[in-house]
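Taking it in order: structure first as structure tokens, then the write-up.
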Amino acid sequence: MGDLKAFVDSNVIINHLEGKLDLSEIRNKYTLHSNAIVFSEVFMVYLKAITGKKSYELKKNPELIIEKKDELEELFMLFEIFEELEMNKEVRNLAYEFVKKYGLLPNDALILATCKFYGIKHLISFDGDFERACKEEDIELIDNI
């Protein structure tokens with residue numbers, strides 16, 4: 001694990017799952033952090049990818065999810081490399097302020113608020129929506145892994 005702390009956005013993990021980058025290389029430089037928002041986003045994208053179904057189809061057919069329990073276990077274990085940061089009332093309140101101040105969508109605001117609350121100075125994401133907010137909140141957006 002690296003010496004620097006970095007929060008990893010869901011799009012980076014999805015790129016790892018698609019074979020476009022290697023999280024272990026990033027882990028050599030940074031201690032990786034995540035939260036429940038990222039876990040949920042990645043899990044849903046992964047479920048849709050491995051089943052070939054849309055969200056509403058999965059909701060109506062839980063057996064499709066159950067059939068993929070082995071693949072889901074692999075994804076679940078991937079999240080063991082992250083230190084998960086809890087979301088609390090202060091994070092929620094800060095996220096609300098970021099929605100109003102920067103026009104971020106709620107999940108992005110919760111990610112940025114988690115970074116700010118826990119003093120994480122690096123956000124690894126390919127989401128350009130973070131650019132202005134990160135700059136103003138003194139968080140380095142790393143988007144060129």
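Please report the net charge: other residues with Cβ closer than 13 Å to the Cβ of SER34, K and R +1, D and E -1.
-4
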Label-point separation (nm) for LYS101 and GLU80, each offset 7 Å from Cα along Cα-to-Cβ?
3.8 nm
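If you stretched the chain out fully between LEU64 and ALA49, how much longer would it get, using 0.36 nm times the residue separation minus the C-alpha to C-alpha distance? Before the final figure, lay out the partial values.
Values: separation 15, 0.36 × 15 = 5.40 nm, distance 1.20 nm.
4.2 nm is the gain from fully extending LEU64 to ALA49.
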Under 16 Å Cα to Cα from LYS68, which lysines show up? Leave out anything in the same chain fewer than 8 places away.
LYS48, LYS53, LYS54, LYS59, LYS60
Using Cα atoms only, what is the angle between the long axis of helix 106-118 and the major principal axis of the chain, expressed in degrees (0 to 90) to the nearest 10?
50 degrees
Count charges around LYS59 for me, please; just the other residues with Cβ under 14 Å from its Cβ, Lys/Arg as +1, Asp/Glu as -1.
+2
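No lab work stands behind these numbers, since they all come straight from the coordinates. Model, not experiment: these values are computed from the prediction. Reconstructed Cβ throughout: ideal geometry from the backbone, glycine too, with neighbour counts over all protein chains shown.
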